[in-house]
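**Student:** There's a structure below that I have some questions on.
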Amino acid sequence: MLKTATALAVILAFAAGPTLGAEPAPLKYGAWGFDLTAQDLKTKPGDDFFQHANGAWLDRTPIPGDKPGVSLRLLESDLAEARLHAIMEDAAAKAGHEPATVEGKVGAFYKAFMDEGRIEALGAQPIAPELDAIRAATTRDQLGGLMGRTVRDFETSAFGVGLDIDSKDIAHYAIFVGQGGLGLPDRDYYLQASFARQKAAYQAYVEKLLSLEGWPDAAGKAAAIVALETRIAEASWTKAQERDPDTTYNPYTVAELEKAAPGFPWRAFLEGAGLGAPAKVVVIQKTAFPKLAAIYAETPLDVLQAWLAFGVADNAAPYLSKPFAQAWFEMRQKTLSGQAEQEVRWKRGVHAVSGGDYAAGGRYDSFGNLGWAVGELYTARYFPPAAKAKVQALVADLKTAYAARIKKLDWMSPATKAEALKKLAAYNVKVGYPDTPRDYSKVAIRDDDLVGDVRRAAEADWAFYTGRQNGPVDRNDWGMTPQTNDAYNGSLIDIVFPAVILQPPIFDPSADPAINYGAVGGVIGHELTHGFDDQGRKYDSKGTLRDWWTPADAKTFEARAKVFGAQYSAYEPLPGAHVNGALTMGENIADLGGLTLGLDAYHASLHGKPAPVIDGLTGDQRVFLGWAQAWRGKVRDDAVRRQVVSDPHSPRQYRVNGPVRNIDAWYAAFGVKPGDKLYIAPDQRVRIW
């Protein structure tokens, strides 16, 4: 067990892969939960608290060649990856050709990915059925039907479709339809001159994949495809626009949708998605739909065919022969995220079978995998009930702290407070893993058919959701597998903390409580306050999209949020690359609320006794350092530029500096004074929760 773990030491430990059959060592930071050697004591806390807490670690820790960045959270994922590798190797050793057990299917899928000889021999042959269907589709209706298959096969689409809880009828599910069609991470990549290099590389990538699959006039069609996607980008909503629940809930009958957005074969699309003829669909980007449908209607059929053919190759590339997989890596991970080297094959195999948050870009991380089966195996081996109980106790502490803060708010009326407390009490917190495992008994997995395994897993996953389309809402549902290193606040009025995130630096059962309250307490508080941020506050205690705020309270909240957003929009991590305060608003508010609640919960846990001083650090100082350590890390410049235009999360240094400079206790804990770079006058600090 590491006493003072550095990222470099852990990276080197995992560089050659885990020793199979032995459990990889858990992470540990310092003697009591914080790595003191990571600090840059030459930097004043008030000038750059992120650098003060983490600077020495940042200086001594290189970014691995096969990663777009390095962080303690990524080291969590590396540990999970090593454990999953051991699980899959064990499962593969026992798996037959077409196994019946959950463990056997995980092992057979992994074996299929690791069978490089067969994959190289097949070349593009595994995607021949999709390409043949595209060639045979000679009408817009037929192509629209193929686009509907994007939810369960390798096709791409001008529109996305999915099922979720109906925001206005929470007892039932609804079909949601949204804008799609962009192969680059965001519309800005097509429209901003600063992304000209990436756009040019993308056109070359489109041409490369079309050539590899033998599509005629690859160069000409690639230019036409990028021109088409540029038109789509111009018509698309920004990600900031998509954050308003009121404007993104627009129910239509199919007939009404055909009238509102003519030119796209809606019935064929929904039929292709296996949704039949639904009574209602909910449109997300209402004003974009007529423009996108018109673009589809105006685009020549041969360009649409080539576009779909490229999409198939793009989505399938990680599972195909080296020319496809290497081209995908060069574009999706190197050009867009700055990752210098492709991961070794066993890591890619773990990602492919497990899903989760391990891979960057494309659908490699979320499509056609056995994620829930892997999660079942992972938690059985690595997540003890005692850890679950400790986190549940922390959650209860944070809910108590949040209720106390709501009751004391000086800007919220009694009527809104009552509704807020009602919603807080309604939250169902899920820890570790689902109580009911996913049924994979009917999913055929073979050890010699990788693309077929991906296809059948995707079909089964989509069938799971469409199978309950007309049934009651499952209140025990999870939207994130146990091996995913993240947490979420869901539409079920639930908060989920998967098993993998509940390890150092986020949670260490043996650490000083102040560190845990700053780290996992901050994360728990973050997810709790998401239910009351600029998006979450529009849903009531049942999860219904309903305005339960008084007009005066809403106006006050919006004014404070606007000031907070302006602070973040002023941050510039790279020259010309500014944080988008509107896009990141919800996450920023949740960070501020989460850290504030973590500190309050720590104070309550002392039961009136003074906090101990450890290595000269007070309890409050350790809470703030626990939060800063949890976000320790750095990423490559290309990844930063991608993040600020497409990700609702701010770069990690602002997830530390942004909240603390608005919390009075931080100023007192570290003696921050006027003249320090992060100093904000008391009357200018944002106070929401």
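The values are calculated or read from the model by the stated rules, or taken from the named source; none is laboratory data. This is a predicted model, so every value here is computed, not measured. Backbone-built Cβ (ideal geometry, glycine too); neighbour counts: all protein chains shown. The area values use the complete protein model at the heavy-atom level, side chains included, leaving out ligands, DNA and RNA. Shrake-Rupley method; radii C 1.70, N 1.55, O 1.52, S 1.80 Å.
**Student:** Within segment 556-599, restricting attention to residues that are among the polar types (S, T, N, Q) and either touching a residue at least 24 places away in the same chain (Cβ under 8 Å) or in contact with a Phe, Trp or Tyr (Cβ under 9 Å, 6 or more places away or on another chain) (or both), which residue is surrounded by the fewest Cβ atoms within 10 Å (Cβ to Cβ)?
**Tutor:** T556
**Student:** From the residues in segment 527-559 that are closer than 22 Å to V429 by Cβ and either at pLDDT 95 or above or acidic (D, E) (or both), which one is nearest to the chain's Cα centre (by Cα)?
**Tutor:** Among residues in segment 527-559 that are closer than 22 Å to V429 by Cβ and either at pLDDT 95 or above or acidic (D, E) (or both), the one nearest to the chain's Cα centre (by Cα) is E527.
**Student:** Name the residue that is nearest to V374 (Cα to Cα), counting only residues in segment 413-439 that are of a type in the set (A, V, I, L, M, F, W, C) and open to solvent by 40 Å² or more (accessible area, probe 1.4 Å).
**Tutor:** A426
**Student:** Could you look through segment 100-114, keep only residues that are in a helix (DSSP H, G or I) and of a type in the set (A, V, I, L, M), and pick out the one that is surrounded by the fewest Cβ atoms within 10 Å (Cβ to Cβ)?
**Tutor:** By that ranking, first place goes to M114.
**Student:** Look through segment 41-80, keep the residues that are of a type in the set (S, T, Y) and in contact with a Phe, Trp or Tyr (Cβ under 8 Å, 6 or more places away or on another chain), and return whichever of them is farthest from V635 (Cα to Cα). Spell out the reasoning first.
**Tutor:** So the first thing to find is which residues in segment 41-80 are of a type in the set (S, T, Y), and the list is 43, 61, 71, 77.
Narrowing further to those that are in contact with a Phe, Trp or Tyr (Cβ under 8 Å, 6 or more places away or on another chain): 71, 77.
On the way: S71: 8, S77: 15 Å.
Across segment 41-80, the extreme among qualifying residues is S77.
**Student:** Out of the residues in segment 24-58 meeting the condition of being closer than 20 Å to A511 by Cβ and charged (D, E, K, R), tell me which one is modelled with the lowest pLDDT.
**Tutor:** Filtering segment 24-58 for residues that are closer than 20 Å to A511 by Cβ and charged (D, E, K, R), the one modelled with the lowest pLDDT comes out as K28.
**Student:** With the checklist (1) assigned to a helix (DSSP H, G or I); (2) within 27 Å of D553 (Cα to Cα) in hand, flag the one item E459 doesn't pass.
**Tutor:** (2)
**Student:** Any residue in segment 197-223 that is farther than 21 Å from P185 by Cβ and part of a helix (DSSP H, G or I) sitting within a Cβ distance under 7 Å of a residue that is of a type in the set (D, E) and open to solvent by 60 Å² or more (accessible area, probe 1.4 Å)? List the pairs, counting only those 6 or more apart or interchain.
**Tutor:** A218/E207; A219/E207
**Student:** With Y402, Y440 as the choices, which residue is of a type in the set (F, W, Y), part of a loop (DSSP other than H, G, I, E, B) and in contact (Cβ under 8 Å) with a residue 12 or more places away in the chain?
**Tutor:** Only one candidate passes the filter, namely Y440.
**Student:** Which of the residues that make up segment 279-310 are in contact with a Pro (Cβ under 7 Å, 6 or more places away or on another chain) and open to solvent by 10 Å² or more (accessible area, probe 1.4 Å)? Show your work before the answer.
**Tutor:** Pass one, segment 279-310, residues in contact with a Pro (Cβ under 7 Å, 6 or more places away or on another chain): 280, 282, 293.
Passing the criteria: only K280.
**Student:** Related question: Can G576 be described as small (G, A, S), over 30 Å from P513 (Cβ atoms) and touching a strand residue (DSSP E or B) at 6+ places or on another chain (Cβ under 9 Å)?
**Tutor:** It is false that G576 is small (G, A, S), over 30 Å from P513 (Cβ atoms) and touching a strand residue (DSSP E or B) at 6+ places or on another chain (Cβ under 9 Å).
**Student:** When you scan segment 154-169, how many residues do you find that are out of contact with any Phe, Trp or Tyr (no Cβ under 9 Å at 6 or more places or on another chain) and either among the aliphatic types (A, V, I, L, M) or over 23 Å from Q203 (Cα atoms) (or both)?
**Tutor:** 1
**Student:** Please specify each residue of segment 246-273 satisfying the condition of being buried (at least 16 other Cβ atoms within 10 Å of the Cβ) and part of a loop (DSSP other than H, G, I, E, B).
**Tutor:** T248, Y249, A261, G263, F264, P265, A273
**Student:** Could we say that T238 is in a loop (DSSP other than H, G, I, E, B), within 17 Å of K291 (Cβ to Cβ) and either open to solvent by less than 60 Å² (accessible area, probe 1.4 Å) or touching a strand residue (DSSP E or B) at 6+ places or on another chain (Cβ under 7 Å) (or both) here? Full working, then the answer.
**Tutor:** Numbers: in a loop (DSSP other than H, G, I, E, B): yes; within 17 Å of K291 (Cβ to Cβ): yes; either open to solvent by less than 60 Å² (accessible area, probe 1.4 Å) or touching a strand residue (DSSP E or B) at 6+ places or on another chain (Cβ under 7 Å) (or both): yes.
So T238 passes the test.
**Student:** Can you confirm whether P323 is under 30 Å from T138 (Cβ atoms) and either open to solvent by 10 Å² or more (accessible area, probe 1.4 Å) or under 21 Å from the mean Cα position of the chain (by Cα) (or both)?
**Tutor:** yes
**Student:** So, in segment 494-510, of the ones that are out of contact with any Leu (no Cβ under 9 Å at 6 or more places or on another chain) and open to solvent by 10 Å² or more (accessible area, probe 1.4 Å), which residue ends up nearest to Q535 (Cα to Cα)?
**Tutor:** L502
Yes/no per residue for (1) among the aliphatic types (A, V, I, L, M); (2) over 18 Å from Y488 (Cα atoms):
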{"position": "A514", "(1), (2)": "yes, yes"}
{"position": "D534", "(1), (2)": "no, no"}
{"position": "G565", "(1), (2)": "no, yes"}
{"position": "G593", "(1), (2)": "no, no"}
{"position": "L597", "(1), (2)": "yes, no"}
{"position": "Y602", "(1), (2)": "no, yes"}
